[in-house]
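Engineer: Got a structure here, written out as structure tokens. Questions coming.
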Amino acid sequence: MIPPSSIKLSKHEALLQRLSEHHPPLYPMIYERYRRFDSGQTGEANLEYYLHQTQLTDLQLLNGLRIEKQYPFQIDWLVLGLGFRILLEVKNITGTIYFDPHSRQLIREKDDTKNIFPDPLFQVERQYVHLRNFLLSQNIKQLPTYTAAVFVNRNAELQLHDYPERHRIMIAQAIPSFIEKLASNHYAEISCSQNQQIASFLTNQHKEAFFPILEKYEIAWEDIIKGVRCPHCQQYAMKRDRMRWQCPLCGVRSANAHLQTLFELALLTENRITNKLAREFLQVASQDLIKKILNRSPLICIGKTKGAYYKHIDLIDYL
Ligand SMILES: [Zn+2]
């Protein structure tokens, strides 16, 4: 199963695979976005390592939880203990970072340039308000809850001298002792199994943001590279031939080269694959043949009439 936080990344990956590098200025712009998501995810994975370093066995850790009741909100990391909870906002920026206690702005200096960001504690405090309201609406027991911002990039130098909230801003390495200290100050108010239930309830409530990637970047379907990619020579040239895919360029035959293609199509269409889209994308002319291929793939058919479409089962929980 795909972790939800990586779906947006996978959508960008699929788009970059299917967009000509000579599509200026979109290709470089989308590539840059992708690179940023990718490094964001590396940063969060880096933090995960430190979260698991705590000497506590009863914590539940949720990454990228996004709830879409009343107001959508997303939490980078939610730590659920038996007597306390923590919301963490992850920042993966480099350079010298200092906080202005008066304006509550974060100022980053790097290579002689200055960037200003909102105080990450503001962001995570807003998320806490939304989470608290959501838990209240679901009759889930409230526990003392803390918020903090974590800088995960080793090339960030934090200068926090005058910042009154500096104990809530830290580097990833400081996370285990931060959590252990909170744990030692709070008695368990719920049981381990109650905590597990809350974690799985919240996971089930997760809803991925609607992000139809082609529309968002205003990319025409005609500009998307079609075809089944050859697993050997990587060209989008495979042709259907006697129940297999055959590459006319290198001669390789494959039974399942279309599976990756269908997964990419699902990512590009918010998981809504029609017979017509599949025919165009796989470059198969026959409506009946594509129907056979779709029915034998890991897809679920929704509806029976003209408006029928397919959903990829690996994405069905999210899209
Ligand atoms: Zn080939």
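The values are calculated or read from the model by the stated rules, or taken from the named source; none is laboratory data. Please read all numbers here as calculations on a predicted model, not as lab measurements. A quick note on method: Cβ atoms are made from the backbone with ideal geometry, for glycine too, and the neighbour counts reach across all protein chains shown.
Engineer: Conditions first: (1) farther than 16 Å from Leu78 by Cα; (2) loosely packed, with under 14 Cβ neighbours inside 10 Å; (3) under 24 Å from the mean Cα position of the chain (by Cα). His167 passes all but one, so which condition is the exception?
Structural biologist: Here His167 clears every test but (3).
Engineer: Among (1) loosely packed, with under 14 Cβ neighbours inside 10 Å; (2) within 30 Å of Leu9 (Cβ to Cβ); (3) in the same structural domain as Tyr50 (by TED's automatic domain parsing), there is one condition Asp162 misses while meeting the rest; what is its number?
Structural biologist: For Asp162, the exception is condition (2).
Engineer: I've got another one for you. From the residues in segment 130-153 that are more than 17 Å from Gln205 (Cβ to Cβ) and within 22 Å of the chain's Cα centre (by Cα), which one is surrounded by the fewest Cβ atoms within 10 Å (Cβ to Cβ)?
Structural biologist: Asn153
Engineer: I need the full set of residues from segment 275-312 which are of a type in the set (Ser, Thr, Tyr) and in a loop (DSSP other than H, G, I, E, B), in order please.
Structural biologist: Scanning segment 275-312 gives Ser286, Ser297, Thr305.
Engineer: Among the residues of segment 167-192, which ones are part of a helix (DSSP H, G or I), out of contact with any helix residue (DSSP H, G or I) (no Cβ under 9 Å at 6 or more places or on another chain) and either touching a residue at least 24 places away in the same chain (Cβ under 8 Å) or under 15 Å from Asp58 (Cα atoms) (or both)?
Structural biologist: Selection gives Glu180, Lys181, Leu182, Ala183, Ser184, Cys192.
Engineer: Also: Can you name every one of the strands (runs of 3 or more DSSP E) wholly within segment 14-125 that holds 3 or more residues which are free of Cβ contacts under 8 Å to residues at least 40 places away in the same chain?
Structural biologist: 105-110, 113-118
Engineer: Scanning segment 212-249 for residues that are surrounded by 14 or more Cβ atoms within 10 Å (Cβ to Cβ), hydrophobic (A, V, I, L, M, F, W, C) and part of a loop (DSSP other than H, G, I, E, B), which turns out farthest from the ligand (Cβ to nearest atom)?
Structural biologist: Checked segment 212-249; the qualifying residue farthest from the ligand (Cβ to nearest atom) is Ile219.
Engineer: Select from segment 99-129 the residues that are surrounded by fewer than 14 Cβ atoms within 10 Å (Cβ to Cβ) and either hydroxyl-bearing (Ser, Thr, Tyr) or over 24 Å from Tyr71 (Cβ atoms) (or both) and list them in ascending order.
Structural biologist: Across segment 99-129, the qualifying residues are Asp100, His102, Ser103, Asp111, Asp112, Thr113, Lys114, Asn115, Ile116.
Engineer: Something else now. Which of the residues spanning segment 250-280 are within 16 Å of the ligand (Cβ to nearest atom) and buried (at least 17 other Cβ atoms within 10 Å of the Cβ)?
Structural biologist: Across segment 250-280, the qualifying residues are Ser254, Ala257, His258, Thr261.
Engineer: Something else: Consider Lys181 against the criteria (1) over 16 Å from Gln138 (Cα atoms); (2) in contact with a Leu (Cβ under 7 Å, 6 or more places away or on another chain): it satisfies all of them except one. Which criterion is unmet?
Structural biologist: (2)
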